[in-house]
Amino acid sequence: MTRERVEQQLTVLKLGRIRQVYAAWIEQAGAQQLGYGDFLEQLLNEEVVARQENQLRRRMTAAGFPYAATLEQFDFTLRPELKRPVLSRYCERAFVEQAGALVLVGASGLGKTHLAIAVGTRMVQLGYSVRFVTEQAVANAVLAAETRLARARVLEPLVRCQVLILDELGYLPLDAAVGPALYEIVAGRYERGGDGGDVEQEPGDVGRVSGRRQRADDGAGGPPAAPRGSVLFARHVIPNARQGGGRERAAGAAARHWPGGSAGVTRRRDC
């Protein structure tokens, strides 16, 4: 079989990575005296790795993160009230599978969005579908939707994704028509059984990465039970003009347990 014929067949089979590297592997197989089975295994490994990398890139693009951020890049020495081991728990599968919830509270510029992106990025790496949006972006899209179908196209991806990160909640006043849309997202994700979401609110700054397993209503026609999770508070340092020093203004000094009850974004569990 000629090289041209091989490449045609690989193109038909959509084995793009093998098409790129098979010639080099033929030479390497001869030099290393690889058996047919080993040679085939190496080619298949190349294709599998390439496809996994492509899938990861597509999921990262679909997530819509405004910038790259990881826990390793976060300087916890500047936020001693935030503990790396605590945040690391929300970067594990258990956060989704056990329907956890996380609220980050603090003023602007303390790294809440960074941490939310870090959690979302890890969820993408673990194979979950993630969406990052600001509340204002959702509001603008909802208000621009002129028909019910257009509105559904805005909300459905936010309901269906496994992990939803909703940033800057409460940062700007919203049109009254947006409230029902946010409720629809929350209710829709709950009804499906969901994965997670992050919500940030300014200036009090509430950031939530929330999750909840689907469960029965509290009563006949009653509202769903509230999720459980954690609230983490980030401190804000304000200079003291009279003393020339500094004093801390904090919404709270450490993480505390959050029993739920707010209108948060809920997780969706694949059934």
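The values are calculated or read from the model by the stated rules, or taken from the named source; none is laboratory data. Being a predicted model, the structure only gives us computed values, none of them experimental. Note: ideal-geometry Cβ built from the backbone for every residue, glycine included; neighbour counts use all protein chains shown. Surface accessibility is based on the protein's heavy atoms, side chains included, excluding ligands, DNA and RNA. Shrake-Rupley method; radii C 1.70, N 1.55, O 1.52, S 1.80 Å.
Looking at segment 58-76, which of the residues that are part of a loop (DSSP other than H, G, I, E, B) and in contact with a Leu (Cβ under 9 Å, 6 or more places away or on another chain) is surrounded by the most Cβ atoms within 10 Å (Cβ to Cβ)?
So the first thing to find is which residues in segment 58-76 are part of a loop (DSSP other than H, G, I, E, B), and the list is 64-70, 74-75.
Filter once more, keeping what is in contact with a Leu (Cβ under 9 Å, 6 or more places away or on another chain): 69, 74.
Details: ALA69: 19, PHE74: 17.
Ranking the candidates gives ALA69 first.
In this structure, VAL103 does satisfy being surrounded by 15 or more Cβ atoms within 10 Å (Cβ to Cβ), of a type in the set (Val, Ile, Thr) and outside any helix (DSSP H, G or I).
Considering only residues that are open to solvent by 50 Å² or more (accessible area, probe 1.4 Å), farther than 20 Å from VAL124 by Cα and not aromatic (Phe, Trp, Tyr), look in segment 35-57 and name the one that is farthest from the chain's Cα centre (by Cα). Once the filter is applied, the top-ranked residue is GLY37.
Would you pick out the residues in segment 169-196 that are in a helix (DSSP H, G or I), of a type outside the set (Val, Ile, Thr) and surrounded by 22 or more Cβ atoms within 10 Å (Cβ to Cβ)? Please lay out each step first, then the result.
Let us first name the residues in segment 169-196 that are in a helix (DSSP H, G or I), namely 178-192.
Now restrict to residues that are of a type outside the set (Val, Ile, Thr): 179-184, 187-192.
Within segment 169-196, ARG189, TYR190 meet the criteria.
Among the residues of this structure, ALA107 does not count as one that is of a type in the set (Gly, Ala, Ser), within 17 Å of ILE165 (Cβ to Cβ), touching a strand residue (DSSP E or B) at 6+ places or on another chain (Cβ under 6 Å) and in contact (Cβ under 8 Å) with a residue 24 or more places away in the chain. A single entry from ARG79, ARG89 fulfils the requirement of being free of Cβ contacts under 8 Å to residues at least 12 places away in the same chain and surrounded by 13 or more Cβ atoms within 10 Å (Cβ to Cβ): ARG89.
Going by the structure shown, is LEU115 of a type in the set (A, V, I, L, M), assigned to a helix (DSSP H, G or I) and more than 30 Å from ALA29 (Cα to Cα)?
Details: of a type in the set (A, V, I, L, M): yes; assigned to a helix (DSSP H, G or I): yes; more than 30 Å from ALA29 (Cα to Cα): yes.
In short, yes.
If I filter segment 148-168 for residues that are modelled with pLDDT under 90, of a type in the set (Gly, Ala, Ser) and either assigned to a helix (DSSP H, G or I) or closer than 22 Å to ILE117 by Cα (or both), do I get at least one hit? No - not one qualifying residue is present in segment 148-168. Look at (1) farther than 26 Å from CYS161 by Cα; (2) open to solvent by 70 Å² or more (accessible area, probe 1.4 Å); (3) not in a helix (DSSP H, G or I) and you find that GLN8 fails only one, number (3).
Could you say whether any residue in segment 128-146 is free of Cβ contacts under 8 Å to residues at least 24 places away in the same chain, out of contact with any Cys (no Cβ under 7 Å at 6 or more places or on another chain) and outside any helix (DSSP H, G or I)? Yes: one or more hits.
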